[in-house]
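Just below is one structure, and these are the notes that go with it.
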Number of protein chains: 2
Amino acid sequence: MTTGETATPPRRRDAAKTRRLLLDAAIQRFTRDGYAATTVRDIADDAGVNVALISRYFRSKEGLFEACLTSSVDDLRRNTGEAPLSRTPEAIARQIAGPCADGLPYHLVLLLRSSGDEAADRIRLGLLQSYGERLAAVAGWSPGSPGGDDLLLRAQVVLAAAAGIALLRTKSGLGPLAQATEEDLVPPLRDLVEALLKNG
Amino acid sequence: MTTGETATPPRRRDAAKTRRLLLDAAIQRFTRDGYAATTVRDIADDAGVNVALISRYFRSKEGLFEACLTSSVDDLRRNTGEAPLSRTPEAIARQIAGPCADGLPYHLVLLLRSSGDEAADRIRLGLLQSYGERLAAVAGWSPGSPGGDDLLLRAQVVLAAAAGIALLRTKSGLGPLAQATEEDLVPPLRDLVEALLKNG
DNA sequence: TTTTGAAGTCAACAATCGTTTACTAGAGGC
DNA sequence: GCCTCTAGTAAACGATTGTTGACTTCAAAA
């Protein structure tokens, strides 16, 4: 099927496509280099469009960053669904160890980046909260359950560990960790998840 | 002992003291806000000295950042010594859970910050490597030991987890994690360390 | 007391940042 | 065909960045 008749014909000037190009380029840059170290001109160059279009489509650099966060959050919710996570520590470990380029780790690293903006912080905190709760639910946690704070804390430790691993894996060329494949990482991470979440 | 006679009398103009003031202020800023988001004028204001003295004492902003890293690394080596870490998972967990303001977590967060400078990256990588090896030694690892890569990998996972926890604890107001005391955190972290390092 | 070198100050530098403005060019409706 | 929005461009804005050089001030040596 080469540009089927029902598919929208490629337009030379496509606002939606340009917006998406900017968003993708921004996510990559913000994830890799952080907010402050990233220039709007870098992003525009990566996307191959004019700098002024960032202000047009996203109002400002902070607006673009917020859009990146919500886009990443939507991706995450779409992939994992609203249902509770898979219940086996193996599956959770596999998610954490997954490909750096476009899995959970990738989104977690972006979530660690800070712009100093309040709205962005709320978005970030919202996802971390809900993700932690769903992780705790695997271990039998439910809202308001007795002694549940302990389970929630343990789930958030798992989350923090996942974030730290993703960050160290992509940013530093550290020893065996940076070159480790998914298969290398699953066994230790399964142990980690089990130790923290199976005591419930 | 109030400024004993042998102690150097307080000098109105003290290069060493000024240098130290700048270094301390820079470590705080770089740790909290990262490299790119921190301004040399911010640092100088915090230290209560003139901006130009940064270029004088540290040659440049990057030079100051390198000095922060080496200072932090020296602190870490001085506190933990050259000897292997305490062998009990309890003690390791306590180190990780320690006070955010000035313990291992504080130094780890600074180590996560990147300036894009090569020299700084080498310093960072050097400490992470040696710290990972000392952590692996607790589980019986030694340089060149058979199958030792697996142990080293597990130790680095512990290190990454510690870094992620420290980062999430100080930067985001996440759930019970951010407000957790050292006593709250030690039990789950002991489980984490045991699960990863006791399988050797 | 005079001299001298270091410690600290001040003001400006060029470069780069995010953002805005005025403008050109293209595509669909009449 | 023309007309009219809208997508995209180019150039500049003021603000802020890291850095530098000439200047002043202090303290110790002579």
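From the list A:Asp149, A:Asp184, the lone residue that is at pLDDT below 95, over 20 Å from the mean Cα position of the chain (by Cα) and charged (D, E, K, R) is A:Asp149. Report yes if A:Arg11 is among the basic types (Lys, Arg), within 15 Å of DNA strand D (Cβ to nearest atom) and at pLDDT below 95, otherwise no. It is true that A:Arg11 is among the basic types (Lys, Arg), within 15 Å of DNA strand D (Cβ to nearest atom) and at pLDDT below 95. For the condition farther than 13 Å from B:Ala25 by Cα and not β-branched (Val, Ile, Thr), B:Leu76 qualifies. Mind listing just one residue for me: the one in the stretch A:21-39 that is of a type outside the set (Gly, Ala, Ser) and open to solvent by 40 Å² or more (accessible area, probe 1.4 Å) and, of those, nearest to B:Asp33 (Cα to Cα)? Out of the qualifying residues, it is A:Asp33.
For A:Gly164, state whether it is among the small types (Gly, Ala, Ser) and over 29 Å from B:Leu125 (Cβ atoms). No. From the list B:Arg113, B:Arg122, the one residue that fits, being at pLDDT 95 or above, more than 8 Å from every other protein chain (Cβ to nearest Cβ) and open to solvent by 50 Å² or more (accessible area, probe 1.4 Å), is B:Arg122. Residues in the stretch A:40-63 that are charged (D, E, K, R) and either near DNA strand C (Cβ under 8 Å from one of its atoms) or within 18 Å of B:Ala37 (Cα to Cα) (or both) were compared, and the one that is farthest from the chain's Cα centre (by Cα) is A:Arg56.
Filtering the stretch A:78-94 for residues that are at pLDDT 95 or above and on the phi > 0 side of the Ramachandran plot leaves an empty set. Taken across the stretch A:94-101, residues that are among the β-branched types (Val, Ile, Thr) and open to solvent by 50 Å² or more (accessible area, probe 1.4 Å) do not occur at all. Test B:Arg190 against the criterion of being in contact with an Asp or Glu (Cβ under 8 Å, 6 or more places away or on another chain), open to solvent by 40 Å² or more (accessible area, probe 1.4 Å) and not aliphatic (A, V, I, L, M), and give yes or no. Criteria met by B:Arg190. The one condition from (1) at the interface with chain A (Cβ under 9 Å from one of its Cβ atoms); (2) within 17 Å of the chain's Cα centre (by Cα) that B:Ala93 does not meet is (1). Looking at the stretch A:104-200, the helices (runs of 4 or more DSSP H) lying wholly inside it that each contain 1 or more residues that are closer than 25 Å to B:Leu152 by Cβ sit at A:104-112, A:148-171, A:175-179, A:182-197.
Just one of the listed residues (A:Leu135, A:Leu196, A:Leu151, A:Leu127) is at the interface with chain B (Cβ under 8 Å from one of its Cβ atoms) and either of a type outside the set (S, T, N, Q) or in contact (Cβ under 8 Å) with a residue 40 or more places away in the chain (or both), namely A:Leu196. Counting the residues of the stretch B:152-181 that are over 19 Å from the mean Cα position of the chain (by Cα) and hydrophobic (A, V, I, L, M, F, W, C) gives 5. Set side by side, the residues A:Gly147, A:Gly164, A:Gly132 differ, and just one is open to solvent by less than 30 Å² (accessible area, probe 1.4 Å) and farther than 23 Å from B:Lys198 by Cβ, which is A:Gly132.
The values are calculated or read from the model by the stated rules, or taken from the named source; none is laboratory data. Please read all numbers here as calculations on a predicted model, not as lab measurements. Every residue, glycine as well, gets a Cβ built from its backbone with ideal geometry; the counts of neighbours run over all protein chains shown. Side chains are part of the model used for accessible areas, which takes the heavy atoms of the whole protein and leaves out ligands, DNA and RNA. Shrake-Rupley method; radii C 1.70, N 1.55, O 1.52, S 1.80 Å.
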